[in-house]
1. Can you pull out every residue in the stretch 104-157 that is part of a helix (DSSP H, G or I), modelled with pLDDT under 85 and in contact with a Phe, Trp or Tyr (Cβ under 8 Å, 6 or more places away or on another chain)?
2. Restricting the stretch 117-132 to residues that are of a type outside the set (A, V, I, L, M, F, W, C) and touching a residue at least 60 places away in the same chain (Cβ under 8 Å), which is surrounded by the most Cβ atoms within 10 Å (Cβ to Cβ)?
3. When the residues of the stretch 47-89 are filtered to those that are farther than 22 Å from His4 by Cα, free of Cβ contacts under 8 Å to residues at least 40 places away in the same chain and not aliphatic (A, V, I, L, M), which remaining residue is surrounded by the fewest Cβ atoms within 10 Å (Cβ to Cβ)?
4. For Gly76, are the conditions met, namely being touching an Asp or Glu at 6+ places or on another chain (Cβ under 9 Å) and assigned to a helix (DSSP H, G or I)?
5. When you scan the stretch 58-79, do you find a residue that is within 21 Å of Ala43 (Cα to Cα) and hydroxyl-bearing (Ser, Thr, Tyr), even just one?
6. From the set of residues in the stretch 92-116 that are in contact (Cβ under 8 Å) with a residue 12 or more places away in the chain and closer than 22 Å to Ala152 by Cα, which is surrounded by the most Cβ atoms within 10 Å (Cβ to Cβ)?
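The values are calculated or read from the model by the stated rules, or taken from the named source; none is laboratory data. From a predicted model like this one, the values you see are computed outputs, not experimental measurements. A quick note on method: Cβ atoms are made from the backbone with ideal geometry, for glycine too, and the neighbour counts reach across all protein chains shown.
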Amino acid sequence: MTSHKKETTELILALFFISVGGWLLHFRIHPILPDAARMRNSANFFPFTVGLTSMLVTPVLLWFRRTLLVGYLLNGIGALTGMLLMTYFSLATFRHPFTLAGVFTGTLVADVLIAFSRLFLGQRILHTYYPSGTGRMFTAWWWTRHAFYVSAVFLLGHSVWR
């Protein structure tokens with residue numbers, strides 16, 4: 001196995017295992033099993049489905065150069081969506097007074113950081129296929145802009161339909 005392929009394999013495996021961990025965490029928090037008391041909440045299917053996609057579909061797409069960009073975008077969109085929704089939930093349910101300990105123990109900051117790491121792994125995988133980059137697209141600034149856009153649309157929608 002060439003060093004390029006070995007590095008890519010290791011990065012995809014790291015992304016897979018982070019996705020498995022996140023999916024298992026969400027599966028415990030958002031149950032969909034028939035005997036679960038909270039199963040009736042259809043919102044539980046969203047993290048379940050996104051987690052399955054992150055575990056099973058995204059790594060396969062990232063493995064092949066032809067489907068790399070689709071997998072890369074799917075990984076980034078899943079990570080951004082997760083970070084946005086978990087941050088929103090943390091802010092909406094935060095108990096005052098504001099303390100540093102309260103931020104680390106009473107919010108989903110750890111979960112957001114795990115999702116954030118998926119962006120970096122996706123970036124490294126992209127650079128194994130395109131060592132000189134992809135131009136202006138798919139850079140840290142590109143993801144930052146899109147995180148801002150998605151957040152702005154989410155906040156606008158929340159303020160209008162609240």
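1. Those that are part of a helix (DSSP H, G or I), modelled with pLDDT under 85 and in contact with a Phe, Trp or Tyr (Cβ under 8 Å, 6 or more places away or on another chain): Gly106, Phe154.
2. Gly122
3. Result: Thr49.
4. no
5. no
6. Only one residue tops the list, namely Ala115.
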